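Contents: one structure, followed by commentary.
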Amino acid sequence: MSKKYSILILAAGEGTRMRSSSIPKVMHTLCGVPLIQRVIKASMPIPQEKIGIVVGYGNEKIKEELKKQKNIELIPQKKQMGSGNAVQSAKNWLQHVSKSSSHILVVCGDTPLISSETLLSFCNFHLKQENNASILSFKTSQPFGYGRIVRDQNLRVQKIVEEKDATLEEKNIDEVNSAIYCFEIKKLLEILPHLKNNNAKKEYYLTDVIEHFYNKRLKVDAFQSGARNGLAIKETMGINTRVELSMAEEFLQEKIRNYWMEQGVTMLNPSSIYIEEKVTIGKDTLLLPQTMLLGATKIGERCKIGPSSFIENSNIGENTVVRASFIYGSTIGNKVEIGPYTHLRTGSVVQDEARIGNFTEIKNSNIGKETKVSHLAYIGDSILGEKINVGAGAITCNFDGKNKHKTTIGSQSFVGSNVNLIAPVKVGARSVLAAGSTITEDVPSDSLAIERTSLVIKKGWVKKRK
Ligand code: UD1
Ligand code: MG
């Protein structure tokens, strides 16, 4: 396909049915990605001159989201008066792009499951048939809410009727509008000024342009998606409510989980496991129920993750076990054991064969090879060498109320239970910090540091008190 197309994405609507107080509809996310980004990504493979997005409600949020995508032009729609009015708002832009492209692909920002393959086939169909307007339609047993494709006695597409304006007979039509269209730009520009808002919603519907094309005896046809694969009905699904958002999410999740199972990952109770699209998982890894893998997380081979683990933007090596833990922005080596109930915060590095145990929090710290922080500890802004044992309740006191300070502990040292390390502080290699000590000064290598008042035992004291 030569570069005959420009692309217009409609994203100005508030999305009233989402019942959000602050998020424009196209900024709701599916598997962590805003709806608008999914539509843009699907449109990119269409050979194109320009991409324009009509924005209105919540446009600041959309601008912020798209600020790095330089090749996209944002077109304001001042008042949200319907999808037809959204395209009317793009009149100047359309006139401008008509100099370099003769056709426009119009996609709605709330159709996030659409694939590039379907869009490409649709755009090819439009050009091959030499249509003036084409609609991407689909058949469904649940047409409620969609515009129905009305055909004349010769089965030519005559118009689209919206749910609220449809007669009983029209409501029974099972071919519906996906709100994805191709138009010859010049013809569309001629028709746009003639749209009226004499309908149930008092809006200027883009769907009404079809009847104008038909009445002018221009060539209009619908390309029915779904003939080739059973998934297409969901691909063309529009998201208008939170329920539909969750249906789309479940559809994507099932696809992602099935993909990883086919790649050699085992999942117990897969429907309880949530995996975002950028995540990668090695073979023979076992994912246990209630596990969430988010962002750019990478999990190596033969790991055991879960039950109930949350891992975001983290790298996990091979043969590592993570039980019921939260891990953010961290790097974990091979044969590491994490959890249960560990919290690894951003910037943590846990080297091979280390163990981080229950109710332990690690932040922005390096935990050396074979080092064990097994129970109830807090390690923040620290560098721990290899083969260190950190006892229960040991804490790095990294914050003085104003600034954060570093703790360094040399390899093979022993940190007794309930030790407080007042940072900044350095402990050399092979040293022992006695249980209960508060370490306020650097401790050289091969030393014992003990900081306790002497134990006083008063025999018979209890009896005397009585
Ligand atoms: C629309 C179609 C319907 C189709 C369905 C498919 C119309 C009139 N109806 O209905 O035939 O079956 O999609 O999902 O188009 N928008 C603006 N500015 C506005 C209003 C809407 O930019 O003033 C944008 C929205 O952001 C959205 C798109 O237009 O991306 C469609 O609007 P929406 O309200 O979702 O229309 P539907 O009722 O879903
Ligand atoms: Mg919609």
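The values are calculated or read from the model by the stated rules, or taken from the named source; none is laboratory data. Since this is a predicted model, take the numbers as computed values, not measurements. Methodologically, a virtual Cβ is constructed for each residue, glycine included, from the backbone with ideal geometry; neighbour enumeration extends over all protein chains shown. Note: accessible area is taken over every heavy atom of the protein model, side chains too, but ligands, DNA and RNA are not part of it. Shrake-Rupley method; radii C 1.70, N 1.55, O 1.52, S 1.80 Å.
Within the range 366-410, list the residues whose amide N lies under 12 Å from a label point set 7 Å along Cα→Cβ of D442. Taking a point 7 Å out along Cα→Cβ of D442, the residues of the range 366-410 whose backbone N falls under 12 Å are 408.
Rounded to the nearest 0.05, the FRET efficiency derived from the C-beta distance between N313 and V33 at R0 = 22 Å is 0.95.
For the chain, the equivalent ellipsoid derived from the Cα gyration tensor has semi-axes of 62, 22, 20 Å, listed largest first. When the listed pairs K234/K278; K304/K372; K335/K404; K50/K255; K255/K363 are checked against a 28 Å cut-off, the alpha-carbon distance exceeds it for K335/K404; K50/K255; K255/K363.
Over the chain, DSSP H runs of length four or greater, each weighted -39,500 (n - 2.57), average out per residue to a 222 nm ellipticity of -5500 deg cm²/dmol. Taken one residue at a time, the phi angles of the range 81-87 give Karplus couplings (6.51, -1.76, 1.60, θ = phi - 60°) of 10, x, 5, x, 5, 4, 6 Hz. Gly and Pro are set to x. Couplings 3J(HN,Hα) of the range 451-466, computed from phi: 9, 8, 6, 5, 6, 10, 10, 10, 5, x, 4, 5, 5, 4, 4, 5 Hz, in residue order, whole Hz [Karplus 6.51 cos²θ - 1.76 cosθ + 1.60, θ = phi - 60°; x for Gly and Pro]. Amide H contacts of G15: K25, each under 5 Å away and 5 or more positions distant or on a separate chain (H built 1.01 Å from N in the peptide plane; Pro and chain starts excluded). Beyond 19 Å in Cα-Cα separation lie the following of the pairs K41/K99; K164/K187; K139/K159: K41/K99; K164/K187. Using the Karplus relation 6.51 cos²θ - 1.76 cosθ + 1.60 with θ = phi - 60°, the per-residue 3J(HN,Hα) values for the range 164-169 come to 5, 9, 7, 6, 4, 5 Hz, with x marking Gly and Pro. Computed from the C-beta positions of E190 and M261 and an R0 of 35 Å, the FRET efficiency is 0.10 to the nearest 0.05. Label-to-label distance, T453 versus E73, with points set 7 angstrom from Cα along the beta-carbon direction: 7.8 nm. V456 exposes around 110 Å² of accessible area when a 1.4 Å probe is run over every protein chain in place.
Annotation: aspartates and glutamates with alpha-carbon distance below 18 angstrom to K283 (same-chain offsets under eight excluded): E262, E301, E318. The aspartates and glutamates whose alpha-carbon is closer than 16 Å to the alpha-carbon of K406, local same-chain residues fewer than 8 away aside, are E361, D381, E441, D442. Length gained on full extension, K201 to S100, computed as 0.36 nm times the residue gap minus the Cα-Cα distance: 32.8 nm.
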